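The values are calculated or read from the model by the stated rules, or taken from the named source; none is laboratory data. These figures come from a predicted structure and were not determined experimentally. Note: ideal-geometry Cβ built from the backbone for every residue, glycine included; neighbour counts use all protein chains shown.
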Amino acid sequence: MAVKVGDTAPDFTLTSQTGASVSLKDFRGQKNVIVYFYPKDDTPGCTKEACAFRDSYEVFKDAGAEVIGISDDSQQSHEKFASKYQLPFTLLSDTGNKVRQLYGVPATMWIMPGRVTYVLDKQGVVKHIFDSMLDFKAHVSEALKTLESIKG
């Protein structure tokens, strides 16, 4: 069953690009969280999306939010991708797409993992979901608009 706006986001623990275990519950009560699922490290669309999050990362931090990118790439792949593009946020390895399935992120044309962004408030409640395979930068602008509405 897909996660919907108003749901409490399901918790997960995955390995980051640095090899550390990261749990969603660690942010509860502390920060808003942007969780974005993307298909593959170092592909044209995913690189544009990651760099758009990178370029706005200070704005996210100023808004009290953390950005987390998730794909089924390995920790080593994430490490190379983050280093190559100076990505300052956490990338998590969802080997086997278990968390992607837990959230109900759809595949595109039944084969390519979908591109979906979730905006969570400090209590872990889903405030907005944005799903677009091609409008990479809109994932960032939609997330920022939602953070503004949470603040206001």
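Annotations
- Odd one out for residue 40 among (1) out of contact with any Cys (no Cβ under 6 Å at 6 or more places or on another chain); (2) of a type in the set (Lys, Arg); (3) surrounded by fewer than 17 Cβ atoms within 10 Å (Cβ to Cβ): (1)
- Breaking point among (1) within 19 Å of residue 62 (Cβ to Cβ); (2) more than 16 Å from the chain's Cα centre (by Cα); (3) of a type in the set (S, T, N, Q), for residue 117: (2)
- Scanning segment 87-110 turns up at least one residue that is modelled with pLDDT of 95 or more, in contact with a Leu (Cβ under 8 Å, 6 or more places away or on another chain) and in a helix (DSSP H, G or I).
- Single residue of segment 73-111 satisfying the filter (hydroxyl-bearing (Ser, Thr, Tyr) and out of contact with any Ser or Thr (no Cβ under 7 Å at 6 or more places or on another chain)) that is surrounded by the fewest Cβ atoms within 10 Å (Cβ to Cβ): 83
- Test for residue 132: is it of a type in the set (Ser, Thr, Tyr), touching a residue at least 12 places away in the same chain (Cβ under 8 Å), in contact with a Phe, Trp or Tyr (Cβ under 9 Å, 6 or more places away or on another chain) and closer than 28 Å to residue 150 by Cα: no
- Any hit, segment 112-127, residues being more than 22 Å from residue 146 (Cα to Cα), surrounded by fewer than 16 Cβ atoms within 10 Å (Cβ to Cβ) and either among the hydroxyl-bearing types (Ser, Thr, Tyr) or out of contact with any strand residue (DSSP E or B) (no Cβ under 6 Å at 6 or more places or on another chain) (or both): yes
- Output for segment 54-106, where each listed residue is among the acidic types (Asp, Glu), without any contact (Cβ under 8 Å) to a residue 40 or more places away in the chain and farther than 20 Å from residue 137 by Cβ: 73
- Failed item in (1) surrounded by 13 or more Cβ atoms within 10 Å (Cβ to Cβ); (2) touching a residue at least 40 places away in the same chain (Cβ under 8 Å); (3) under 23 Å from residue 3 (Cβ atoms), with residue 30 passing the rest: (1)
- Answer residue from segment 49-67, given it is of a type in the set (A, V, I, L, M) and crowded, with 22+ Cβ neighbours inside 10 Å and is nearest to residue 145 (Cα to Cα) among those: 65
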